[in-house]
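The values are calculated or read from the model by the stated rules, or taken from the named source; none is laboratory data. Treat the numbers as computed from the prediction; the structure is a model and nothing was measured. In this analysis, Cβ positions are derived from the backbone assuming ideal geometry, glycine residues included, and neighbour counts consider all displayed protein chains. Each accessible area value is taken on the protein alone, full model and side chains, heavy atoms only, with ligands, DNA and RNA left out. Shrake-Rupley method; radii C 1.70, N 1.55, O 1.52, S 1.80 Å.
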Amino acid sequence: LTFNVAVVGATGAVGQQMIQLLEKRNFPIKQLKLLASGRSAGKTVTFKGQEIVLEEATPDSFAGVDFALFSAGGSVSKELAHHAVRHGAVVIDNTSAFRMDPDVPLVVPEVNMDAALAHNGIIANPNCSTIQMVAALKPLYDRFGIDRIIVSTYQAVSGAGQSAINELLDQSRDILDGKEPQCNVLPVGKLPVHHQIAYNAIPQIDVFTDNGFTYEEMKMVNETKKIFGDDTVLVSATCVRIPVVYGHSESVYVELKQDYDLAEVKALLENAPGIVLVDVPGEQQYPLATDATGKLEVFVGRVRRDLHHPRGLHMWIVSDNLLKGAAWNTVQIAEELIKARV
Ligand code: A2P
Ligand code: 11C
């Protein structure tokens, strides 16, 4: 059994990873359609040794498509996802366009694949910083329950797309060469003020909401509740952009509902699907963004008891934001749908 697959945003940081994953995973593809803006139409991409010509994404691009993987920004998803569904495709959308829509399941396969099976045409992929956190916390949520989470993130520039990657590299080079760095993309391209990311840490990802938290921070709050299907989980987040290209790192403090045994917590993490425990402080072994780059798993380490709260627990969670945080979670949902339906 093979499927027609479309990638929307095929030239983007996430889209390119989707294409590579479809090839590496030997996804059962009949025909691959690569869609982007009109600017990219006519360029070619090599897939399994064959050149595929990029096409402009339009409402009519989806005839015969079984899976449409969207990662071209929320406005493109809002404009085109329903056309893909109209043509009979299952849309797996990596943008924030439909995540909080009650008719759209928000899915991390390790956590709530059952929700995906009940889709109405669109399945949403959560934000990268949410995905790695909930994947790691799932075994603890199931065993002990979770009262609250306080998370601080250290996020890679690739989360903001190819232009942000270029900006970090250009600024780093320019500063070393004694030139004035150009700041045009971060923290948020469309805002008038931009900050240098090279040799810096910017405590703003996405725009601010009225409560003083940014949208990225509120995504972690709202998406976590939706994925766990539990509004009682309290989440507070501070999201920070750092000069790393690939891999988001997170300092996560969690208060469990029940008393826990630290050895059991580590054993649960070690045995959880998609999680790798890297936690040997005496040998300086802990998750690093550089080690997580290119890997599909979520890496957890620095697991330790809080000094004061009896049910408090700290950990360090790292994953490749373009893979488990985006392209892999999307392709994984498609793989799981195929497994469940065949
Ligand atoms: P293009 O390269 O043609 O502009 P990133 O997240 O790395 O910035 O990538 C954004 C992706 O979204 C790119 O593949 C980009 O294609 C695509 N894109 C941007 N605008 C549109 C649009 N109006 N229609 C379809 N794809 C778009
Ligand atoms: C970042 N987490 O690192 C963002 C990127 O809602 O899909 C993903 C934005 C989103 O900038």
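All conditions but one from (1) in contact with a Ser or Thr (Cβ under 7 Å, 6 or more places away or on another chain); (2) away from ligand 1 (no atom under 16 Å from the Cβ); (3) not acidic (D, E) apply to S319; the one that does not is (1). Of the residues making up the stretch 266-294, just one is open to solvent by 80 Å² or more (accessible area, probe 1.4 Å) and in contact with a helix residue (DSSP H, G or I) (Cβ under 7 Å, 6 or more places away or on another chain), namely P273. Here I123 meets the list (1) open to solvent by less than 10 Å² (accessible area, probe 1.4 Å); (2) assigned to a helix (DSSP H, G or I); (3) of a type in the set (A, V, I, L, M, F, W, C) almost entirely, failing just condition (2).
Can you find a residue in the stretch 288-296 that is under 29 Å from K257 (Cβ atoms) and not hydrophobic (A, V, I, L, M, F, W, C)? So far as the stretch 288-296 goes, no, none of its residues is under 29 Å from K257 (Cβ atoms) and not hydrophobic (A, V, I, L, M, F, W, C). Might you let me know whether the stretch 36-56 holds any residue that is more than 8 Å from ligand 1 (Cβ to nearest atom), more than 23 Å from the chain's Cα centre (by Cα), closer than 17 Å to A81 by Cα and free of Cβ contacts under 8 Å to residues at least 24 places away in the same chain? Taking every residue of the stretch 36-56 in turn, at least one turns out to be more than 8 Å from ligand 1 (Cβ to nearest atom), more than 23 Å from the chain's Cα centre (by Cα), closer than 17 Å to A81 by Cα and free of Cβ contacts under 8 Å to residues at least 24 places away in the same chain. Restricting attention to the stretch 40-47, does a residue exist that is part of a strand (DSSP E or B) and of a type outside the set (V, I, T)? Checked against the condition, which is being part of a strand (DSSP E or B) and of a type outside the set (V, I, T), the stretch 40-47 yields at least one hit. Could you grab me the full set of residues in the stretch 1-29 that are assigned to a helix (DSSP H, G or I), in contact with a Leu (Cβ under 8 Å, 6 or more places away or on another chain) and open to solvent by 20 Å² or more (accessible area, probe 1.4 Å)? Those that are assigned to a helix (DSSP H, G or I), in contact with a Leu (Cβ under 8 Å, 6 or more places away or on another chain) and open to solvent by 20 Å² or more (accessible area, probe 1.4 Å): V14, Q17. Within the stretch 165-211, the residues that satisfy the criterion of being more than 21 Å from the chain's Cα centre (by Cα) and under 13 Å from R241 (Cβ atoms) are Q171, C183, H194, H195, Q196, A198, Y199, N200. Can we say K257 is among the basic types (K, R), at pLDDT 95 or above and within 20 Å of A13 (Cβ to Cβ)? It is false that K257 is among the basic types (K, R), at pLDDT 95 or above and within 20 Å of A13 (Cβ to Cβ).
Hey, among the residues in the stretch 132-178 that are among the polar types (S, T, N, Q) and either within 14 Å of ligand 1 (Cβ to nearest atom) or in a helix (DSSP H, G or I) (or both), which one's surrounded by the most Cβ atoms within 10 Å (Cβ to Cβ)?
Per the stated criteria, the residue is Q132.
Only one entry of V151, V108 meets the criterion of being within 16 Å of ligand 2 (Cβ to nearest atom), of a type in the set (V, I, T), more than 23 Å from F27 (Cα to Cα) and in contact (Cβ under 8 Å) with a residue 60 or more places away in the chain, and that entry is V151. Taking the stretch 208-326 and the helices (runs of 4 or more DSSP H) fully enclosed by it, the elements with 1 or more residues that are out of contact with any Leu (no Cβ under 9 Å at 6 or more places or on another chain) and β-branched (V, I, T) are at 289-292. Total residues in the stretch 188-221 satisfying the condition of being under 17 Å from Y141 (Cα atoms) and either surrounded by fewer than 18 Cβ atoms within 10 Å (Cβ to Cβ) or free of Cβ contacts under 8 Å to residues at least 24 places away in the same chain (or both): the figure is 1.
State all residues of the stretch 95-108 that are open to solvent by 20 Å² or more (accessible area, probe 1.4 Å) and either within 16 Å of ligand 1 (Cβ to nearest atom) or within 16 Å of the chain's Cα centre (by Cα) (or both); if no residue qualifies, say none. The answer is S96, A97, M100.
Within the stretch 67-78, is even one residue more than 20 Å from A326 (Cα to Cα) and either among the polar types (S, T, N, Q) or within 15 Å of ligand 1 (Cβ to nearest atom) (or both)?
No - not one qualifying residue is present in the stretch 67-78.
Apart from one condition, V76 fits all of (1) over 23 Å from E335 (Cβ atoms); (2) out of contact with any His (no Cβ under 8 Å at 6 or more places or on another chain); (3) surrounded by fewer than 17 Cβ atoms within 10 Å (Cβ to Cβ); (4) not small (G, A, S); the exception is (3).
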